[in-house]
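Working notes, structure below.
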Amino acid sequence: QTEILALFHGLRLCWDKGFRKIVCYSYSTLVVSLLQRHIPLFHRYGNQLMEIHQLLNCDWTCTIVHTLREGNSCANALARMGALGNDRLVILQEHPVTLSSLLLADSLRTVFQRD
């Protein structure tokens, strides 16, 4: 459920901020596969999945892609930062300086071992 809610809120934020070409990488093969097929009528998270489908059908280019956890060190670092804080949502205007080298590594598709 956490992955589904994170995806929904992230996509909603991108749409509201006016981004119209999005590629979203998810660790969850389950979430990616659920979004690629018809959602069962009584699926436990059917409402949230339908909300994501509605967002995906808006007038934009939005692709959901599976990635390995090791291939997205920035997301791992931000998740660790979030776990240490008390805020439910933090919107960054700029990336933390500590992420600079990780952003470069991610853009070069460098894979790190899982910690």
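The values are calculated or read from the model by the stated rules, or taken from the named source; none is laboratory data. All figures in this text were calculated on a predicted structure; none of them were measured in a lab. With ideal geometry, Cβ positions are generated from the backbone for all residues, glycine too; neighbour counts draw on all protein chains shown.
Condition first: polar (S, T, N, Q), closer than 17 Å to residue 1 by Cβ and assigned by the TED database to the domain that holds residue 8. Can you find one or more residues in the stretch 61-71 that meet it? Please lay out each step first, then the result.
Restricting attention to the stretch 61-71, the residues satisfying the condition of being polar (S, T, N, Q) are 61, 63, 67.
Cutting the leftovers down to closer than 17 Å to residue 1 by Cβ gives us none.
No, because not a single residue in the stretch 61-71 is polar (S, T, N, Q), closer than 17 Å to residue 1 by Cβ and assigned by the TED database to the domain that holds residue 8.
Remark: pairs (first residue in the stretch 34-56, outside the structural domain of residue 17 (by the TED database) and under 13 Å from residue 1 (Cα atoms); second residue modelled with pLDDT of 90 or more and assigned to a loop (DSSP other than H, G, I, E, B); Cβ separation under 8 Å; 6+ apart in sequence or on different chains) are absent.
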